[in-house]
């Protein structure tokens, strides 16, 4: 019995440490605009816990005091709600809204920026109308900024006549905020769907940000392609009325693609494969959604577009960045 009691005691201590650490992190990565304030509050909170645990006697009372403080912090975190009314950075300042009339879909707030740097750009937001019956293709864009296991993933829908509409799920950052993967586990950022011109959404990553960008032509049945597009526009329109927090685990750029695919009834990735979106191209290849007439490594090499995608002033930009790309496999 003594070993069991010791084990239970150790487990209780571990659980308390994890709980206290999580509540401290909710302060450190909270939505407070000042990093200095967040740091000061987190340090003060940890100090208060330490004082309660090591100075208050009997020890059980100190643990109860610390738990009470941590529960108060957790309650504040849990009651936080997302908002569309903040001082947003210019590239996510507009909340897209959608109007549907039969097969005609009008999107208010399509982004078409011309970037010279993160702080120097021509900002343009447009209203554009698309004919869903003219929808023909969907491409997956994978943009790597560093690690191979993770990247930014988004899609681009192609219409008859060559028109493209890119849709990128992103963190909606406020003025003064920068993206942090760790903060993305907490309620730091809201979620936004950015509908944009490819010259903007692809061009800024390939050019100004110097990312490695791959574009894959994906096989998609016409019915599911239509359902996928409508899932995107409906969900984005819902966000305009019911904002959500971004979350690395279940509401990120990649996971939202999987949610939209699941809306069509198709089987989406799950678990570790879903989170490691840097390997999605391999999964798509293995399941026949990409051209399998080439070995995967050759397909991947031919699908890299950043060298030519940097030239955002090139005429017929969308056609040019697709020159020489492997075709989607036939249905």
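Each value in this text was obtained by applying a stated rule to the coordinates, not by laboratory testing. Source: prediction; values computed, not measured. Positions of Cβ are backbone-derived with ideal geometry, glycine not excepted, and every protein chain shown enters the neighbour counts.
Taking the chain as the reference, fit the longest principal axis to its C-alpha atoms, fit the long axis of helix 2-28 to the helix C-alpha atoms, and give the angle between the two in degrees, 0 to 90, nearest 10.
60 degrees
What is the stretch 223-331's relative contact order, in percent, from Cα pairs under 8 angstrom and six or more apart in sequence?
20 percent
Exposure proxy check: 250, 306 ranked by fewest other beta carbons within 10 Å?
Starting with the residue having the fewest Cβ neighbours, the order is 250, 306.
Where is the GNM fluctuation largest for the chain (alpha-carbon springs, 10 angstrom cutoff): 286, 139, 200?
Largest GNM mean-square fluctuation: 286.
For the chain, what does the helix formula give at 222 nm: sum of -39500 (n - 2.57) over DSSP H segments with n ≥ 4, over the residue count, nearest 500 deg cm²/dmol?
Computed mean residue ellipticity for the chain: -12500 deg cm²/dmol.
Does a label point 7 Å from the Cα of residue 123, set along Cα-to-beta-carbon, have any residues of the stretch 168-207 with amide nitrogen under 16 Å, and which are they?
172-177, 194-195
Taking only Cα atoms, what is the 0 to 90° angle, nearest 10, from helix 253-263's long axis to the longest principal axis of the chain?
Orientation of helix 253-263: about 70 degrees from the principal axis.
Once fully extended, how much extra length lies between residue 19 and residue 301, figured as 0.36 nm per residue of separation less the alpha-carbon to alpha-carbon distance?
Gain in length upon complete extension: 97.0 nm.
Calculate the length of the line joining the C-alpha centroid of the stretch 218-236 to that of the stretch 56-109, in whole Å.
28 Å
For a quick check, take a GNM of the chain with Cα springs below 10 Å and name the residue from 284, 249, 148 with the largest mean-square fluctuation.
Highest fluctuation among the options: 148.
If I take every Cα pair under 8 Å that is 6 or more residues apart in the stretch 2-79, average their sequence separation and divide by the length, what percent do I get for the relative contact order?
Normalised by residue count, the contact order of the stretch 2-79 is 25 percent.
Would you compute, for the Cα atoms of the chain, the largest minus smallest coordinate along each principal axis and list the three values in descending order, in whole Å?
Rounded to whole Å, the extents work out to 76, 46, 38 Å.
Which order do the peptides 112-119, 207-214 come out in when sorted by mean C-beta neighbours inside 10 angstrom, highest first?
Per-residue mean Cβ counts within 10 Å order the peptides as 207-214, 112-119.
Starting from the Cα of residue 242, move 7 Å in the Cα-to-Cβ direction to define the label point; list residues of the stretch 71-92 whose amide nitrogen is under 16 Å from there.
What the label zone holds, given the 16 Å backbone N cut-off, is 81-84.
Okay, which of the stretch 119-140 sit inside 16 Å, backbone N to the point 7 Å along the Cα-Cβ direction of residue 266?
135-140
Tell me the relative contact order for the chain as a rounded percent, counting alpha carbon contacts under 8 Å between residues six or more apart.
Taking the mean separation of contacting Cα pairs over the length of the chain, I get 17 percent.
Just 188, 205, 57 to compare: in a GNM of the chain, with alpha carbon springs under 10 Å, which one fluctuates most?
Its mean-square fluctuation being the largest, the pick is 57.
Quick one: helix 222-241 against the long Cα principal axis of the chain, what's the angle to the nearest 10°, folded into 0 to 90?
50 degrees
Obtain the nm distance between the two label points defined at residue 287 and residue 149 by a simple spin-label model: each point lies 7 Å from its Cα along the Cα-to-C-beta direction.
Going by the 7 Å Cα→Cβ label model, 2.1 nm.
Order these by the 10 Å Cβ neighbour count, fewest first: 304, 320, 172, 260.
Going from sparsest to densest Cβ surroundings: 320, 304, 260, 172.
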